[in-house]
Amino acid sequence: MKIGVVVRSFVSDPSIGISMATKAEAIGLDGVFVFDHLWPLGSPNKPALAAFPMLAALAGVTKKISIGTLVARVGLVPNPVLINHFVTLEKLSKGRVIAGVGTGDKMSAVENISYGLGYGSALERRRSLYWCARELQKLNIKVWIGGGSEKTNQIATDLGIGLNLWSPALPYLSQQQNLELTWAGPIPKGEGSAIQRATQHIFALSKLNVKWAIFDYSFSDPVQKNKDILFVLETVMKNLDIR
């Protein structure tokens, strides 16, 4: 299994996320990812760095690690423009892009509407998603579908590409074994330290044949309050042989 991390982009200073990416590569993580939002969910007055300029910066300071969107939403820019963003990033990174793409949902719809971008029906957004994913496939760029609903998940099945799910329950993952699965989310809550919980979760995901585990930078740990997500993941990788 490969391990990745979402770098901080809901900040004003891009150097924070850039520093995370260089450290992630140094400690042996496999990928760094950036959210694609105009502001943090539910917080329109807080900052959010644009995904593709941020990823271009990460491409410039790393050499081997994968870089990707988690996930780029159709409808924020015209479909051909979204494809060109990924093509440009693929060239800058010399073939290290993972194009996570999705339809967006009710929680993110307000971002589109607030900027006059419109928000198509679920069917229209799925059609755009299918078109974008297929075009990226033709360009030999690795694609993940940001899934959740059965109809959106079906796009991954139809195109034979990866499915990325945000913090799904393990029983739900066990029902999706016909797909290349990737998991993303925060370290699950529960007893024990963040290191213990992350270790247990990665082990459980590996048993379900999940190919990637991508951890959000935010987590709670009453045991080790001053440690960040990269410290946690570095420690986990030293203690758990899942590769």
Original post:
Does at least one position in the stretch 49-63 carry a residue that is touching a Pro at 6+ places or on another chain (Cβ under 6 Å), farther than 25 Å from I161 by Cβ and not small (G, A, S)?
Top reply: yes
Subject >> Failed item, numbered, when S43 is tested on (1) of a type in the set (G, A, S); (2) surrounded by 15 or more Cβ atoms within 10 Å (Cβ to Cβ); (3) closer than 28 Å to D105 by Cα >> reply: (2)
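What number of residues within the stretch 111-129 are without any contact (Cβ under 8 Å) to a residue 40 or more places away in the chain and either aliphatic (A, V, I, L, M) or touching a strand residue (DSSP E or B) at 6+ places or on another chain (Cβ under 9 Å) (or both)?
4
Restricting attention to the stretch 187-203, which residues are in a helix (DSSP H, G or I) and surrounded by 15 or more Cβ atoms within 10 Å (Cβ to Cβ)?
Within the stretch 187-203, A194, I195, Q196, R197, A198, T199, Q200, H201, I202 qualify.
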Original post:
Within the group I3, I18, which residue is assigned to a strand (DSSP E or B), at pLDDT 95 or above, surrounded by 15 or more Cβ atoms within 10 Å (Cβ to Cβ) and of a type outside the set (S, T, N, Q)?
Top reply: I3
Original post:
For the stretch 204-224, how many residues meet the condition of being within 19 Å of the chain's Cα centre (by Cα) and in a helix (DSSP H, G or I)?
Top reply: 2
Original post:
Does the stretch 23-45 include one or more residues that are farther than 26 Å from Q154 by Cα, in a helix (DSSP H, G or I) and of a type in the set (D, E, K, R)?
Top reply: yes
Original post:
In this structure, does L163 turn out to be aliphatic (A, V, I, L, M) and either out of contact with any Asp or Glu (no Cβ under 8 Å at 6 or more places or on another chain) or over 28 Å from P40 (Cβ atoms) (or both)?
Top reply: no
Original post:
Name the residues in the stretch 46-55 that are part of a loop (DSSP other than H, G, I, E, B) and within 17 Å of V81 (Cβ to Cβ), would you?
Top reply: A50
Original post:
Is there a residue being part of a loop (DSSP other than H, G, I, E, B) and touching a residue at least 40 places away in the same chain (Cβ under 8 Å) anywhere in the stretch 56-67?
Top reply: yes
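The values are calculated or read from the model by the stated rules, or taken from the named source; none is laboratory data. Because the structure is predicted, anything quoted here is derived from the model rather than measured. Note that each Cβ is placed from the backbone with ideal geometry, even for glycine, and that neighbours are counted across all protein chains shown.
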